[in-house]
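Each reported figure results from applying straightforward, stated rules to the coordinates on display, with no laboratory input. Predicted, not measured: the structure shown is a model, and the values here were computed from it. So basically every Cβ, Gly included, is an ideal-geometry build from the backbone, and we count neighbours across all protein chains shown.
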Amino acid sequence: MTQHNNSRPHEQGQQPPRVVITGMGAITPLGHTVAETWENLIAGRSGIDHIKNFDTTDLQTTFAGEVKNFDPSKYMDRKEIRRVDPYLQFAIAAAQEAVADAKLDFSAEDPARIGVVAGSGIGGIQSAQEGLENIRTKGLRRVSPFLIPNLLPDSITGRIAIEFNLHGLNHSVISACATGTSASGEAFEVLRRGDADVMLAGGAEAALTPMLMSGFAIMGALSQNNADPAGACRPFDKDRDGFVMSEGAAILVLETEEHAKARGARIYAEVIGFGSSNDAFHMAAPHEQGRGAVDAMRMALRKAAAYGVQPDQIDYINAHGTATRINDVVETGAIKQVLGEHAYNVRISSTKSMLGHLLGGAGAIEAIICAKTINTGLVPPTINLHNPDPECDLNYTPLHAQQADVRVTLSNSFGFGGHNACIMLRRYEA
C-alpha cells in the first residue's frame, strides 16, 4: 500500500499543499462522457430540445436539456436500477467514468484516505413524486422502502462511497445552483488541510418534472421560447428571457500533488482557489451590485495568490451566465469590480447556452470545462449571442469556439438563497 505524508496545513508564509485534477466524468444533455460533451460544446451544438419524457401540454415552457438515450444498465444491474433514483444513476455513471479516467487502483489505496464531497440541489424529486402518486392511488402502505434513501440530496455521497468502498471524509454540500462548485471547492480544502489523499467531488440532478418546471416558470425564471428550444438560452443577449432547466451529473477526481505524482497519474489541471459567500439579500434574486459574487471571487483570488497567481493572470471565466434578465448584468458588473480593466481582456463564455442549467450539477461540469479549456487551448462559445446587451460589454466568446493560450481559469456559480461559489484552476507545471 502506498505510504503518504499526512502533514497538516501549511505554515504561515509557505505555499499550501498543491491539489490537482486527475479524473473527470459526466452525463449531460450533450453526451454520456466528458469527451462527447466536450466535442459538442466546441462545435457549438445545443443539447436543448422539446421534452420527450412527459406531457408538457399545460406547461408554459415545453423544452429542457434532457439526458438522451441513457441506459443505466451499463452502470448497474437491473435489480439496482429499480431501487435508485435517476439523479443517483447519473451520479454513479459519472463517478465510474471519473475513476476509470483517473486510473485509480483502490486495492493499492487506504480507503480511509479517500473521500467524497458531492451534492444535488433538488435531490430525488422523481422518487418523491412517485411516492405521492402511490399514496394517492394505492394507500400509505404501498410507499417504496427505497423512498427515503432516494429522496435525500446527500444520498449521492453515500452511494458513491458504497460503489467504490471509500471510507474517508464523506458529506454533501447543498447550495442550490452553486452546489457542484461548492462541493468541488470543499474537496480542494479537504485535501489542502491533509484529511485525505484523494477526493471525488461534484453534483447531480434529475429534476425535470412537471412540478419543478411549473414552479420555475411561474416564478418567471424560465425561458418560454417554445418555438426555438435550441436558440432559447441566450446569455448576455438583450433578447434573453430566462434560463433553461437541464439534468445530468459531473464528478471530478482531485488528489494531492504528492499522491498523484507517486502513482504516476495524468494531471489535467491544478486547483488553486475556492471562494464561497452569501448575498444575504433575497431568496431568488442576486444582490443588485453583485455583493456576494464579488466576495466569492475575491476569496478564491486570495487563495490563488498563495500559489503565485494574481487577478490579471486570469485568461478565461466560465460564467454562471443563466440568461435571466438580472443575473447576466449583475455578473458582468461583479467581474468588472473584481478584475478592473483586465475584465475586458478575459475570455468569458456561458456553456449553459448549450447545456442548459444542470442546477446542482452545473458547477461541476463547468469546472471540467475549465480543465478541458486549459488542456486543449479551445474556449467554448456562448451560442445564441446575436444581439449583445449594452450592459453586458465583455468578451463572451459569441457563437463560435476560439483558440487561446489559457493558463488560469475562474468559474462562477450562483444559486437561490444567495449562495455564491467560485473555483479557480491553472495549467499544471511540476
Name the residue from Leu104, Val143, Asn225 whose Cα lies farthest towards the positive end of the charge dipole of the chain, charges +1 on Cβ of Lys and Arg and -1 on Cβ of Asp and Glu. Val143
For segment 45-149, what is one quarter of the convex hull surface built on the Cα atoms, given in nm²? 10.3 nm²
Gyration tensor verdict on segment 123-276 (Cα atoms; rounded if a/c is under 1.5, prolate if a/b is larger than b/c, oblate otherwise): oblate
If every Lys and Arg gets +1 and every Asp and Glu gets -1 at its Cβ, then about the Cα centre the chain yields a dipole, in debye to the nearest 20, of 600 debye
Where in segment 397-420 is the amide nitrogen less than 16 Å from a point lying 7 Å along the Cα-to-Cβ axis of Gln337? 412-415, 418-420
What are the extents of the Cα atoms of segment 216-280 along their three principal axes, in Å, largest first? 54, 33, 21
Highest-MSF residue in the chain out of Thr397, Thr137, Thr209 [GNM, Cα springs under 10 Å]: Thr137
Choice from Phe63, Phe54, Phe164 showing the highest fluctuation, given a GNM over the chain with Cα pairs closer than 10 Å: Phe54
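For segment 19-426, report the translational diffusion coefficient in µm²/s to the nearest whole number, using Stokes-Einstein at 20 °C, 1.002 mPa s, and a Kirkwood Rh over Cα pairs.
103 µm²/s
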How big is segment 313-430 by the Kirkwood estimate over distinct Cα pairs, in Å? 14.2 Å
Out of the trypsin sites (Lys or Arg not before Pro) in segment 61-161, which ones are loop residues according to DSSP with at most 12 other C-beta atoms within 10 Å? Arg82
Going Cα to Cα from Lys352, which lysines come in below 29 Å? Please leave out same-chain ones fewer than 8 positions away. Lys52, Lys68, Lys74, Lys238, Lys303, Lys336, Lys372
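Compute the normalised compactness of segment 34-76: alpha-carbon radius of gyration over 2.2 N^0.38 Å, N being the residue count.
This ratio for segment 34-76 stands at 1.46.
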